[in-house]
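Colleague: The following block contains the structure, expressed as structure tokens.
The values are calculated or read from the model by the stated rules, or taken from the named source; none is laboratory data. Note that this is a predicted model, so its numbers are computed, not measured. Reconstructed Cβ throughout: ideal geometry from the backbone, glycine too, with neighbour counts over all protein chains shown.
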Amino acid sequence: MRATFISLAFVFLSVGCSTAAPRQALNSSIDSVKTAEKLGAAQVPEAAKALEAAKHEVAWARALLVNRKHERARLMAERAESDAALAIALVRAHEARRAAQQAATQGAAAPNP
């Protein structure tokens with residue numbers, strides 16, 4: 001009897017833990033998508049593609065989670081987070097290129113002493 005109780009307790013704990021990881025991954029990916037949006041990824045053509053992919057993958061992860069496909073939901077959420085991180089990196093690279101071009105333009109326009 002005690003062994004059965006312990007086995008059931010283990011099953012319930014493992015089920016509870018199995019849903020935490022996908023939800024955590026989903027929340028993390030949603031945060032990354034929001035960050036990419038705040039940085040203006042939608043206005044940078046290369047980043048916009050990665051941002052759209054991340055949004056699509058977040059929607060997929062939500063649907064998989066609702067359908068209790070927890071492992072697939074976690075993997076899709078991780079993929080969404082990766083695409084959102086790519087969008088963030090592309091925005092930052094775009095900003096760095098633009099700043100370098102402005103510096104080069106200002107340097108070329110400055111009079112030589």
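Colleague: Among the candidates A21, A61, A50, which residue alone is in a helix (DSSP H, G or I) and at pLDDT below 95? Let's see the steps before the verdict.
Modeller: Values: A61 fails: at pLDDT below 95; A50 fails: at pLDDT below 95.
Exactly one of A21, A61, A50 is in a helix (DSSP H, G or I) and at pLDDT below 95, namely A21.
Colleague: Condition first: under 28 Å from the mean Cα position of the chain (by Cα), surrounded by 10 or more Cβ atoms within 10 Å (Cβ to Cβ), over 24 Å from E37 (Cα atoms) and of a type outside the set (S, T, N, Q). Now tell me which residues in the stretch 64-113 satisfy that.
Modeller: First, pick out the residues of the stretch 64-113 that are under 28 Å from the mean Cα position of the chain (by Cα): 64-100.
From what's left, surrounded by 10 or more Cβ atoms within 10 Å (Cβ to Cβ): 64-65, 67-100.
Next, only the ones that are over 24 Å from E37 (Cα atoms) stay: 67-72.
Hits for the stretch 64-113 are R68, K69, H70, E71, R72.
Colleague: Residue by residue through the stretch 32-87, note down the ones that are closer than 15 Å to A21 by Cα, free of Cβ contacts under 8 Å to residues at least 12 places away in the same chain and in contact with a helix residue (DSSP H, G or I) (Cβ under 6 Å, 6 or more places away or on another chain). Full working, then the answer.
Modeller: Here is the first cut: in the stretch 32-87, the ones closer than 15 Å to A21 by Cα are 58, 61-62, 64-66, 68-81.
Narrowing further to those that are free of Cβ contacts under 8 Å to residues at least 12 places away in the same chain: 66, 68-69, 72, 75.
Of everything in the stretch 32-87, just one residue is closer than 15 Å to A21 by Cα, free of Cβ contacts under 8 Å to residues at least 12 places away in the same chain and in contact with a helix residue (DSSP H, G or I) (Cβ under 6 Å, 6 or more places away or on another chain), namely R72.
Colleague: Here's a check for you: in the stretch 19-48, which residue that is of a type in the set (D, E) and under 13 Å from the mean Cα position of the chain (by Cα) is nearest to V91 (Cα to Cα)?
Modeller: It comes out as E37.
Colleague: In the stretch 31-54, how many are closer than 12 Å to A84 by Cα and surrounded by 19 or more Cβ atoms within 10 Å (Cβ to Cβ)?
Modeller: 9
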